[in-house]
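Below: the structure, in structure tokens.
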Amino acid sequence: MDLNTLQDAWWLTLLLCLGAYLLGSISSAILVCRLFGYPDPRTQGSSNPGATNVLRIAGKPAAALTLLGDVLKGVVPVLVAAQIGLTATATALIGFCAFLGHLFPVFFQLRGGKGVATAFGLLFALHWPTGIVTGLTWLGVFGATRISSLASMIAFIVMPVALWFWLPGAFWPMLLLTLILLARHHSNIRKLVSGQELGFRKPKSD
């Protein structure tokens, strides 16, 4: 079977979706904390196995490794799909499956993170201009509020709007990603409303 036939085969997209989900299921936060001798991040801090919580409980080196691993989980399957020549819709769906793997990792009792870093990774690989707009939105909100969860939610509300104009084929899978990401942040939303959300405040000068 030649490559052109493979490009049109629905089962190729399904196979890559499965591979992306399994890759996404590798929890960088849990593995890095084990490597550095720290507790399971699901039992400390915000209980979220992601780079932000690892930063709180294990410091910058561990958080940096966690962030890199989570980003690559989104980048790799999207680049593979793009290299093969799949459509924007199929490529976005494959990236979405990596995101789902991070949220519901089959290797870690389906107890995963919020998926922000993996979402950023797949977004930049899918369409870097939208990635830049989303990233700048995150930086602006975080710079103003010092609250990572709020910055992430606002950034990924902006993301599908940008894709609607620039890469409409990827809109629906990425809109679904945004909706799930927002739902995944339900506890953060409650804490934001009550004023109890954890942030990273700048130290006050004397």
The local net charge around HIS185, scoring Lys/Arg +1 and Asp/Glu -1 for residues other than HIS185 whose Cβ lies under 13 Å from its Cβ, equals +3
Checking GLY37, GLY19, GLY95 against a Gaussian network model of the chain (alpha-carbon springs below 10 Å), the top fluctuating residue turns out to be GLY37
Residue separation between VAL106 and SER47 times 0.36 nm, minus their alpha-carbon distance, gives in nm 19.4 nm
Connecting every pair of Cα atoms under 10 Å apart in the chain and solving the GNM, the largest mean-square fluctuation among THR118, THR130, THR145 falls on THR145
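Between ILE157 and LYS191, what length in nm is gained on full extension when 0.36 nm per residue of separation is reduced by their alpha carbon distance?
Numbers: separation 34, 0.36 × 34 = 12.24 nm, distance 1.90 nm.
Result for the pair: 10.3 nm of gain on full extension.
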Cα-only Rg/Rh for the chain with Kirkwood Rh rounds to 1.00
Summing -39500 (n - 2.57) over every DSSP H run of at least 4 residues in the chain and dividing by its residue count gives a helix-only mean residue ellipticity at 222 nm, to the nearest 500 deg cm²/dmol, of -23000 deg cm²/dmol
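May I ask you to give the solvent-accessible area per residue for the range 121-177, in square angstrom, as obtained with a 1.4 angstrom probe? Provide the component values of the computation, followed by the final result.
Numbers: 2480 Å² over 57 residues.
It amounts to 44 Å² per residue over the range 121-177.
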Checking every Cys Cβ in the chain against the others at 4.7 Å leaves as unpaired CYS33
The simple spin-label model distance between LEU68 and LEU136, using points 7 Å out along Cα→Cβ, in nm, is 2.8 nm
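The values are calculated or read from the model by the stated rules, or taken from the named source; none is laboratory data. Remember, predicted model here, so these are calculated numbers, not experimental data. As a convention, Cβ positions derive from the backbone with ideal geometry for all residues, glycine included, and neighbour counts pool all protein chains shown. Surface areas here come from the heavy atoms of the whole protein model, side chains and all, with no ligands, DNA or RNA. Shrake-Rupley method; radii C 1.70, N 1.55, O 1.52, S 1.80 Å.
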